[in-house]
Amino acid sequence: MRIDAHTHAYAETVIADPVAWAQARQELHWLDLVAPQGKHSLQGWVTQDEMLADMDAAGIDRAFLLGWYWQHAQTCEEQNGWYADWIARYPQRFSAFASVNPSVGSGSLDTVKRAHDRGFIGIGEMHAGVQGFSVRERPWLAIVEFAIENNMSINFHVTEPVGRPHAGRIPTPFADFQWLATEYPELKIILSHLGGLLPFYELNPYVKKIFRNVFYDTAALPLLYQQQVLRSVLDVVGVEKILYGSDYPLIVYPKNNDKPDFLKGIDAVQMLGLAEDELDALLGGNAEKMVWPDFRFNSRRKNMKNS
Ligand SMILES: [Zn+2]
């Protein structure tokens, strides 16, 4: 089973005019990333049908639809509504992560509970800096406890502490993730974008032990790091801690591409020279085990098309 563990999707009203949509909701950080003023945007926009066609072309069985670190609770609800529709319509092809903003208070737990009732499997991407909450305080910690009880993993957007200045560079302190993994060792944490290179700290045996339930996804790697980064991180933490994710429909190979696709990222992983079982783990097995630890899918892709 091939899973892309980090994708995003938007309703057609957003695609039609992302600027007006974001301005009406005051989602200015998101707007700055997807439609930077006076700059070319790498954001791609696709409909549900286009995404399914691109998944088919690359042999992707299932995509995890990640929410966004919206600044406002209402936008979280709006996105969760789109995703509830997507997973209800194509339960074999899409799984959803809930958007939530804990800075609004205890109502944020209800947002997550509602999403869980609708079949969401995780929470995130979260970004405490952009969303204005502390990962060490309630009501966020009530969400963490709910996630543990209900086997929801939590995905965090992570930025490396040093690097190229850009609009997305709002600190995501590594120490916060260590704190969370220490206090809540059962929580399944996914640190996006190869954790902003945090996995190299697992060379420290103390950190490695604490981070045993911490996973890293590969979203947007070609835009962020040199090509050898994935090989290097695999050597440090082992293939079982890496979830393949593209950040589709972000255009992560902009040199020769003006539209998003899944193929180039998969090709890059296949060129790493991994053994077949390692490749299967990276490209889906790890994500499957994380979300459905007691269940193996036996329906293969050819059966899924009828769903
Ligand atoms: Zn991200």
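Can you confirm whether the range 105-125 contains a residue that is among the charged types (D, E, K, R), over 27 Å from L180 (Cα atoms) and assigned to a loop (DSSP other than H, G, I, E, B)? The answer is no, given that none of the residues of the range 105-125 is among the charged types (D, E, K, R), over 27 Å from L180 (Cα atoms) and assigned to a loop (DSSP other than H, G, I, E, B). Listed conditions (1) surrounded by fewer than 17 Cβ atoms within 10 Å (Cβ to Cβ); (2) under 18 Å from the mean Cα position of the chain (by Cα); (3) touching a residue at least 24 places away in the same chain (Cβ under 8 Å) are all met by G81, apart from (3). The single condition among (1) within 16 Å of the ligand (Cβ to nearest atom); (2) at pLDDT below 95 that I123 does not satisfy is (2). Can you tell me which residue in the range 136-163 is nearest to the chain's Cα centre (by Cα), limited to those that are away from the ligand (no atom under 16 Å from the Cβ) and among the aliphatic types (A, V, I, L, M)? The residue in question is M152.
For (1) away from the ligand (no atom under 16 Å from the Cβ); (2) not hydrophobic (A, V, I, L, M, F, W, C), each residue gets a yes or a no:
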{"site": "I210", "(1), (2)": "yes, no"}
{"site": "R231", "(1), (2)": "yes, yes"}
{"site": "L250", "(1), (2)": "no, no"}
{"site": "P260", "(1), (2)": "no, yes"}
{"site": "Q270", "(1), (2)": "yes, yes"}
{"site": "G285", "(1), (2)": "yes, yes"}
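Which of the residues that make up the range 164-208 are within 14 Å of the ligand (Cβ to nearest atom), of a type in the set (G, A, S) and either surrounded by fewer than 12 Cβ atoms within 10 Å (Cβ to Cβ) or over 16 Å from G124 (Cβ atoms) (or both)? A167 - this is the single residue of the range 164-208 that is within 14 Å of the ligand (Cβ to nearest atom), of a type in the set (G, A, S) and either surrounded by fewer than 12 Cβ atoms within 10 Å (Cβ to Cβ) or over 16 Å from G124 (Cβ atoms) (or both).
The range 1-70 holds helices (runs of 4 or more DSSP H) entirely within its bounds, and those carrying 3 or more residues that are more than 15 Å from the ligand (Cβ to nearest atom) and surrounded by fewer than 20 Cβ atoms within 10 Å (Cβ to Cβ) map to 12-16, 18-25, 48-58. Among the listed residues Q79, Q92, Q71, identify the single one that is closer than 17 Å to Y10 by Cβ and in contact with a helix residue (DSSP H, G or I) (Cβ under 8 Å, 6 or more places away or on another chain). Answer to the selection: Q71.
The values are calculated or read from the model by the stated rules, or taken from the named source; none is laboratory data. Remember, it's a predicted structure, so these values are computed and weren't measured experimentally. Note: ideal-geometry Cβ built from the backbone for every residue, glycine included; neighbour counts use all protein chains shown.
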